[in-house]
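Written below as structure tokens is the structure these notes are about.
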């Protein structure tokens, strides 16, 4: 059995605490230092792409979202409070940018018919090596896109990004109770969708 | 004893359940263990949903795309003035220009080698443009001139680097620009079959990578080592190659 006390899949790597160095860089960026902001871009681009891709299910859209989110972050960085988590703050901007983008530009149908991008992406490191894995990934993506926006966002931030429920609620600007309900509903739907694949 | 719901098990899975005794209770109960195992197995499958990885220089690519779109506001006027002042002594560089020239050079080479499309008979072709005019583009000369300009920028940045003890705020940014341009020119040189030039540009890449990613965060010892490496011959080679490329007839 997976021992429930062993929760090492969510280690302290997800801690929201900022180092003094990062705080210093953020302060400089808030004063308009482009080189400092560039360092933040270099540091957070990969994580923001992962989140944007999971929200959109599309590689090029995710890249657009990342760029737009950073531009918004640059404009708003003066409003960032040092007692908050910068990562959570960036994720909040990314989520809002993604939602705006998807509402404007993307039809849901695209997700349903989209092929998993690692089939054509030469940079993909973790290429599935069997048809079963391809099927699981495709099924997961389809199930993910069947969730409501709020359910999908809550689950992504919790399951893949490792934010605490409190942080997810803060990012989504909802109560922790509402956040939990979104996660519960999302998990329930995902389990139903993925259950047939467990035995394979 | 309270009934344990799937929501309880979900919170336990994510390490968010408030009752620390729940884990023990689940471990001791066969029925709860089975339910928890099922939840773990099903959620574990969701881990297969992994995004395509970006390259190591993805952050630099994002910066390249957004840096020109970052506006400045009045409250940052002091910084803006400083940036303007700094720009007076910084090398001028245009990545967009480098990209266009490299692409044109590669296109010119392809047209020259393959004869190009017969646009004279193409009703869609723009008036006044002939196949011969396209083929007449001297792709060698175009590439050499472009790389010479590129090397002049490299020369300026490397000279500044070896003569200063502290990293300037724009140093790594310029190095990133040059790295991207250097790769484009190397690929264009390879496409033209100019192996010597391609090899020279390939030799430059490791240093540009180090300048772009490590100079700012690296130690003083790292900076000294890089400075020595540049003084020991790389700077000289850049200047020699630049001179060769600027000669009227070039064969490298």
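The values are calculated or read from the model by the stated rules, or taken from the named source; none is laboratory data. Everything quoted here is computed from the prediction, not taken from an experiment. A quick note on method: Cβ atoms are made from the backbone with ideal geometry, for glycine too, and the neighbour counts reach across all protein chains shown.
Listing for the model above:
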quantity	calculated
Residues (more than 15 Å from residue A:157 (Cβ to Cβ) and facing chain B (nearest Cβ under 7 Å)) located in the stretch A:50-67	A:59, A:66, A:67
Residues of the stretch B:47-66 that turn out to be assigned to a helix (DSSP H, G or I), within 30 Å of residue A:29 (Cβ to Cβ) and either at pLDDT below 90 or at the interface with chain A (Cβ under 7 Å from one of its Cβ atoms) (or both), as a count	7
Candidate set: the stretch A:21-45, residues that are surrounded by fewer than 18 Cβ atoms within 10 Å (Cβ to Cβ) and within 9 Å of chain B (Cβ to nearest Cβ); chosen: the one nearest to residue B:174 (Cα to Cα)	A:43
Within the stretch B:7-46, tally of residues that are more than 7 Å from chain A (Cβ to nearest Cβ), more than 24 Å from residue A:182 (Cβ to Cβ) and surrounded by 15 or more Cβ atoms within 10 Å (Cβ to Cβ)	2
Failed condition for residue B:160, given (1) modelled with pLDDT under 80; (2) surrounded by 18 or more Cβ atoms within 10 Å (Cβ to Cβ)	(2)
Selected residue (only one of A:193, A:178, A:142 is within 11 Å of chain B (Cβ to nearest Cβ), in contact with a helix residue (DSSP H, G or I) (Cβ under 9 Å, 6 or more places away or on another chain) and modelled with pLDDT of 90 or more)	A:193
